[in-house]
Structures are given as C-alpha cells and as structure tokens.
Amino acid sequence: MSKTAPFYNGAPGFPYKTMTTNTNPPTTPDTASPPEAQPKSAATVAAGWLHTAKFLTTAPQLHFLPVLEVPEIAFVGRSNAGKSTCINTLTQQKQLAFASKKPGRTQHINLFALGKQGITDAVLTDLPGYGYAAVPKQDKIRWQQVMANYLVTRENLKGIVLMCDPRHGLTELDEILLDIVRPRVQDGLKFLIVLTKADKLTRTEANKILSITKLQAGGGEVRLFSATKRIGIDEVSLILWNWAHPAAQSAAATQ
Ligand SMILES: Nc1nc2c(ncn2[C@@H]2O[C@H](COP(=O)(O)OP(=O)(O)O)[C@@H](O)[C@H]2O)c(=O)[nH]1
Ligand SMILES: [Mg+2]
C-alpha cells in the first residue's frame, strides 16, 4: 500500500519530506523593523502562527495519511467536550474544525497545516470525538482501533491535547486513551489536558478539578480553557507553539 494519501487534497506541491521547522524564537525582536516598533509578545506570535491553520487532508485510517516530518499535534476527546470550538478559537477561524461535521468526514482524521509565509512547520490533527452513545458498537470499536493505531504509531506525533469537560472529569474512555499513550509520554511525547468550558465553573470548582486532573495527567500539563470567556487561550497557544518549535524555545530561554 502506498504511503501517500489518496485523500490528499491540500495545496499542490505540498513538500512532505522537505519541510523544515522554523527555529525563530517567538520573543526574538525583528531587527528589520523601525526602532519604535515593539517586539511582538510570545503569545501574539503563537496566536499568529495558529491563525495560519489551513485544511490539509482527511483520511478514514492511519495508512491513508501522508507521511510527514513536521511536528504533529493531535486533538482528542469525548464528543461534545468542546474540541471543535477549542480548535476554532485557537486558530481564530469560525469553521475550521467544524469541517469535521461535513457528511463523510465525521469519522475521519482531519489534518490542518500551520506555518507562516506558506511554509508548513507543523500540523494539527483533529481526531473524531469518542463516546457518543448513538454510534453503533461496531463503528465504535473500529474507530477506537483507528485512534489507538494513530496514537501509538504516528511517527511525527509530537504532542497530544486531550479535551475534557471538567463537569464530567476524565471518563473511562479518557482513561483508556491515557493508558494507550502513557508509554509514548514516558518517552517524551508532550501531553496536555485542556479543561474546557471553564466558564461553567466557580473559582473553587475550577481549582479543585485542576488539582485532581493534575494528579491524573501522568506527567502531562493541565490548563483551564473557555472559548466564551476567553480563558487559557494564550497559555494553550504558547504551549503548542513551544511543542512545535523546541529549538526556538531553548534558544529564547538561554538569552
Ligand atoms: N459555555 C461554553 N460552552 C462551550 C465552550 N466550548 C464549547 N462549548 C459548547 O459545547 C458544545 C460542544 O462543543 P463542540 O466544540 O462542538 O464539541 P466537540 O464535539 O468536542 O467538537 C457546543 O454546544 C458548544 O457551544 C465553552 O468554552 N464554554
Ligand atoms: Mg467536534
């Protein structure tokens, strides 16, 4: 079986194997800009980078995905956890992740390319939500296998963002996912739990669920997030930027 995706319908000439990671640190001032111009904050750089997200391709199974060398960041979570809303908020695009709702794409892996000046330096992967009761059992099992296969074997996978509605906490399916990825996280795969819809919690509730989830995250990070109240957007954006640009991150830290 060819490793090139027959479903690939992104930009012509997409350079799968030749893409390089942009190593400019987000805090580096632009020396070409006039002296009165302020250097962009790291959060602004991260937000601008995420805003470049473009639909790249969709595939029903791992082996149809293009082989990529740029870092890939996967978004996973139960249906209705707020995953599409979070991706759209982070990328400042209204419809990007809702594309997954189009007929035929609901159980597909969707990739979005990120990168300034048309140079892709990372890819976001939207994996379909799990745990939706109305899905037939056979489809659930098939999908769990596709997802496990992706999370265990996708070579350029750099990090996983697990969306969780904090009013429900981590569910059994989330725990299964954690078990699946644990060996890779121990091997250096980045892991972040995003507690969505934080606007629905009181401050006390938010602090409590944050502490509990940190204990469950097994070495991963945890952040509160709300699309409606715009909580955690800068923090999560920066985490993703740093995952995709580790060289720049360490360069900035040593300055
Ligand atoms: N209050 C609140 N509701 C949200 C937030 N994010 C998502 N939702 C709602 O949660 C529901 C599920 O969101 P969606 O992004 O489609 O979830 P997905 O199934 O995980 O992709 C929708 O009704 C959203 O409007 C948030 O930050 N705050
Ligand atoms: Mg969705």
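Using beta carbons and a limit of 8 Å, which pairs, at least six apart or on different chains, have the first residue in region 186-212 and in contact (Cβ under 8 Å) with a residue 12 or more places away in the chain and within 16 Å of ligand 2 (Cβ to nearest atom) and the second one assigned to a helix (DSSP H, G or I) and not basic (Lys, Arg)?
Here the result reads Val194/Cys86; Val194/Val236; Thr196/Thr85; Thr196/Cys86, each pair linking region 186-212 to a residue that is assigned to a helix (DSSP H, G or I) and not basic (Lys, Arg).
Checking Gly77 against (1) within 16 Å of ligand 2 (Cβ to nearest atom); (2) out of contact with any Lys or Arg (no Cβ under 7 Å at 6 or more places or on another chain); (3) in contact (Cβ under 8 Å) with a residue 60 or more places away in the chain; (4) more than 14 Å from Leu124 (Cα to Cα), only one condition comes out false. Which one?
Among (1) within 16 Å of ligand 2 (Cβ to nearest atom); (2) out of contact with any Lys or Arg (no Cβ under 7 Å at 6 or more places or on another chain); (3) in contact (Cβ under 8 Å) with a residue 60 or more places away in the chain; (4) more than 14 Å from Leu124 (Cα to Cα), Gly77 violates only (2).
With respect to Asp174, determine if the residue is acidic (Asp, Glu), under 18 Å from the mean Cα position of the chain (by Cα) and modelled with pLDDT under 95.
Working: acidic (Asp, Glu): yes; under 18 Å from the mean Cα position of the chain (by Cα): yes; modelled with pLDDT under 95: yes.
Against the criterion (acidic (Asp, Glu), under 18 Å from the mean Cα position of the chain (by Cα) and modelled with pLDDT under 95), Asp174 qualifies.
Determine whether Ala252 is modelled with pLDDT of 95 or more and of a type outside the set (Val, Ile, Thr).
On the way: modelled with pLDDT of 95 or more: no; of a type outside the set (Val, Ile, Thr): yes.
The answer is no for Ala252.
Give just the number: which of (1) surrounded by 14 or more Cβ atoms within 10 Å (Cβ to Cβ); (2) on the phi < 0 side of the Ramachandran plot; (3) not in a loop (DSSP other than H, G, I, E, B) does Gln145 not satisfy?
(1)
Being away from ligand 1 (no atom under 16 Å from the Cβ), surrounded by fewer than 18 Cβ atoms within 10 Å (Cβ to Cβ) and not in a helix (DSSP H, G or I) is the filter here; which residues of region 56-91 pass it?
Pro60, Gln61, Val67, Glu69
The values are calculated or read from the model by the stated rules, or taken from the named source; none is laboratory data. Owing to the predicted nature of the structure, the values given are computational and were not obtained by experimental measurement. All Cβ positions, glycine included, derive from the backbone under ideal geometry; neighbour counts span all protein chains shown.
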